[in-house]
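Enquirer: Take this structure, written in structure tokens, and hold onto it; I'll ask about it next.
The values are calculated or read from the model by the stated rules, or taken from the named source; none is laboratory data. Everything numeric here is computed off the predicted structure, so don't read it as measured data. Cβ coordinates were reconstructed from backbone atoms using ideal geometry, including for glycine residues, and neighbour counts include every protein chain displayed. Each accessible area value is taken on the protein alone, full model and side chains, heavy atoms only, with ligands, DNA and RNA left out. Shrake-Rupley method; radii C 1.70, N 1.55, O 1.52, S 1.80 Å.
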Amino acid sequence: MPTFSKDKVTIHYEVSGEGFPILLFAPGGMRSAIDFWAGGEWNPVTALSPHFQVIAMDQRNAGKSTAPVAATDGWHSYTRDHLDLLDHLGIDKCHLLGGCIGGPYCFGVMAAQPERVAAAVLQQTIGYDDNREAFYQMFDGWADKLAQERRDVDAAALEQFRSNMYDGDFVFNVDRDFVRNCRIPMLVLMGNDLYHPQSTSREIADLAPDATLVESWKGPDVIDNTVATVIEFLKQHTP
């Protein structure tokens, strides 16, 4: 089980395939972990590893990864983990693919070190559209279980952590001006439910200078074509 540790954070990750690297951020909300890919519309670990070096990871305090919890935690904490993992693996530049909460994770890396990202695939990203209470409830479900398992987790710290994550709007961790000025190519697979509003996907595609929106990408009749589209997009933007 490959792991790396830094500043009391231990991240579990898996690497498969060869070629230009792509870092995956799994769906699952605060429980985002590698295993969630297996139950999705498609599994990018297996689909992309014949073409790329695929790095999948469990986010902090999800799956097999652990970290302290502090009131100062927020999106930037995850971005630091992602950059630290790339540093640990000696990766200077990569693609990103994020499902669900992985959309903001992609934006976090793109904002912090844009020179390290060749292209990004955003698969039904989360976003704000009169749904804040749903994100609070999702966070609380994860936090309550964590607090039961860990004596070092403080309730007040968790409450502030929740605010840091979900009190914003749009995609929570970057603003519209950033997306408007982001030149990194993006493929946006549209969301269409409570946590993954269609409006967020459409707005990202409208704002970003080099973004392509795919509206209908799920279902047995189209998923093979979607996978082929993702692979072609990533190959097209591989340095």
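Enquirer: Within region 60-67, is even one residue in contact with a Ser or Thr (Cβ under 7 Å, 6 or more places away or on another chain) and among the hydroxyl-bearing types (Ser, Thr, Tyr)?
Expert: Scanning region 60-67, I find at least one residue that is in contact with a Ser or Thr (Cβ under 7 Å, 6 or more places away or on another chain) and among the hydroxyl-bearing types (Ser, Thr, Tyr), so the answer is yes.
Enquirer: So how many residues does region 178-211 have that are among the basic types (Lys, Arg) and closer than 26 Å to ALA134 by Cα?
Expert: Here is the first cut: in region 178-211, the ones among the basic types (Lys, Arg) are 180, 183, 202.
Now narrow it down to the ones that are closer than 26 Å to ALA134 by Cα: 202.
Matching residues across region 178-211 total 1.
Enquirer: Residues in region 113-135: is at least one of a type in the set (D, E, K, R), at pLDDT 95 or above, open to solvent by less than 30 Å² (accessible area, probe 1.4 Å) and under 17 Å from the mean Cα position of the chain (by Cα)? Steps first, answer last, please.
Expert: Keep residues of region 113-135 that are of a type in the set (D, E, K, R), which gives 115-116, 129-130, 132-133.
From the residues that got through so far, the ones that are at pLDDT 95 or above too are 115-116, 129-130, 132-133.
Now narrow it down to the ones that are open to solvent by less than 30 Å² (accessible area, probe 1.4 Å): 116.
Adding the requirement that they be under 17 Å from the mean Cα position of the chain (by Cα) leaves 116.
Yes, region 113-135 has at least one match.
Enquirer: Scan region 1-28 for residues that are crowded, with 18+ Cβ neighbours inside 10 Å and at positive phi and jot them down.
Expert: GLY28
Enquirer: Ok, one more. Can you find even one residue in region 92-106 that is touching a residue at least 40 places away in the same chain (Cβ under 8 Å), in contact with a strand residue (DSSP E or B) (Cβ under 8 Å, 6 or more places away or on another chain), farther than 24 Å from LEU213 by Cα and surrounded by 22 or more Cβ atoms within 10 Å (Cβ to Cβ)?
Expert: Looking for residues that are touching a residue at least 40 places away in the same chain (Cβ under 8 Å), in contact with a strand residue (DSSP E or B) (Cβ under 8 Å, 6 or more places away or on another chain), farther than 24 Å from LEU213 by Cα and surrounded by 22 or more Cβ atoms within 10 Å (Cβ to Cβ), one finds none in region 92-106, hence no.
Enquirer: Right, another one. From the residues in region 2-17 that are of a type outside the set (Phe, Trp, Tyr) and touching a Phe, Trp or Tyr at 6+ places or on another chain (Cβ under 8 Å), which one is nearest to VAL153 (Cα to Cα)? Explain how you work it out, then say what you get.
Expert: Within region 2-17, the subset of a type outside the set (Phe, Trp, Tyr) is 2-3, 5-12, 14-17.
If we keep only those that are touching a Phe, Trp or Tyr at 6+ places or on another chain (Cβ under 8 Å) as well, we get 2-3, 10-11, 17.
Values: PRO2: 25, THR3: 22, THR10: 16, ILE11: 18, GLY17: 37 Å.
My answer is THR10.
Enquirer: Moving to a separate point now. Quick check on region 29-40: of everything there that is at pLDDT 95 or above and open to solvent by 30 Å² or more (accessible area, probe 1.4 Å), which residue is nearest to GLU14 (Cα to Cα)?
Expert: Of everything passing the filter in region 29-40, ASP35 is nearest to GLU14 (Cα to Cα).
Enquirer: Kindly indicate whether TYR105 is under 18 Å from ALA33 (Cβ atoms) and among the aromatic types (Phe, Trp, Tyr).
Expert: Values: under 18 Å from ALA33 (Cβ atoms): yes; among the aromatic types (Phe, Trp, Tyr): yes.
Here the answer is yes, as TYR105 does meet what is asked.
Enquirer: Follow-up question, since we're still on this one. Let me spell it out: the conditions are (1) in a helix (DSSP H, G or I); (2) open to solvent by 20 Å² or more (accessible area, probe 1.4 Å), and ASP169 meets all of them except one. Which number is the exception?
Expert: That leaves (1) as the condition not met.
Enquirer: Further question: Taking region 183-228 only, how many residues are in contact (Cβ under 8 Å) with a residue 12 or more places away in the chain, in a helix (DSSP H, G or I) and either β-branched (Val, Ile, Thr) or open to solvent by 30 Å² or more (accessible area, probe 1.4 Å) (or both)?
Expert: Of the residues in that region, 9 qualify.
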